[in-house]
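Step one of this worksheet: look at the structure below.
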Amino acid sequence: MQLKDVPFPSPRALKAACTLVAIAWVALGLFVPLILLGSLGSIEALGMPALACLAILVSAALVYIPFAFSLKCPSCSRRFLIQSDELKHENARTRWRLDYWAFVVIDVLLRDSFVCMYCGVKTTLSGPLRKDSANFR
């Protein structure tokens, strides 16, 4: 028997962790072209923005790491933001050749829910985050 729509106990922490990943992805997406353009055209003005992107990327990653190790699936108590080589559940979501943990990040940011890659249980972000946002509508 599989549980459905299990509430996540700390939705703000999970949203923060996933936001940090998105920030790191954007910083990386800006850093690579800036470095390539700077090295190809010898445009020295791109050095500072590239360093800023690198600093943001590293900072976001360093802040994300404690979140990734502390957040666990409420059903199976596994770290769902860290992907291992273990067998994934058949209900685990992935697309576009993304790793399972990356799709968890996308699901949390876009759908306010995720499916654990290890146990396959759908978890929703409910509680204080949802109650606060409902009061402002």
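The values are calculated or read from the model by the stated rules, or taken from the named source; none is laboratory data. Since the structure is predicted, the reported quantities are computational estimates derived from the model, not experimental observations. Counting neighbours? That spans all protein chains shown, and the Cβs are built from the backbone with ideal geometry, glycine included. The protein model used for the area step is the full one, side chains on, heavy atoms only, and it has no ligands, DNA or RNA in it. Shrake-Rupley method; radii C 1.70, N 1.55, O 1.52, S 1.80 Å.
Of the residues contained in the range 2-12, none is found to be without any contact (Cβ under 8 Å) to a residue 60 or more places away in the chain and surrounded by 14 or more Cβ atoms within 10 Å (Cβ to Cβ). Where the second residue is assigned to a helix (DSSP H, G or I) and at pLDDT below 75 and the first is surrounded by 12 or more Cβ atoms within 10 Å (Cβ to Cβ) and lies in the range 43-58, which pairs have Cβ atoms under 7 Å and are six or more apart or on separate chains? From the range 43-58, the pairs are L46/G38; G47/G38; A50/G38. Of all the residues in the range 85-102, those that are within 10 Å of M117 (Cα to Cα), open to solvent by less than 70 Å² (accessible area, probe 1.4 Å) and either of a type in the set (S, T, N, Q) or in a loop (DSSP other than H, G, I, E, B) (or both) number 6. Could you tell me which residue of the range 55-83 is modelled with the lowest pLDDT, considering only residues that are among the aliphatic types (A, V, I, L, M) and within 16 Å of L125 (Cα to Cα)? Filtering the range 55-83 for residues that are among the aliphatic types (A, V, I, L, M) and within 16 Å of L125 (Cα to Cα), the one modelled with the lowest pLDDT comes out as L81.
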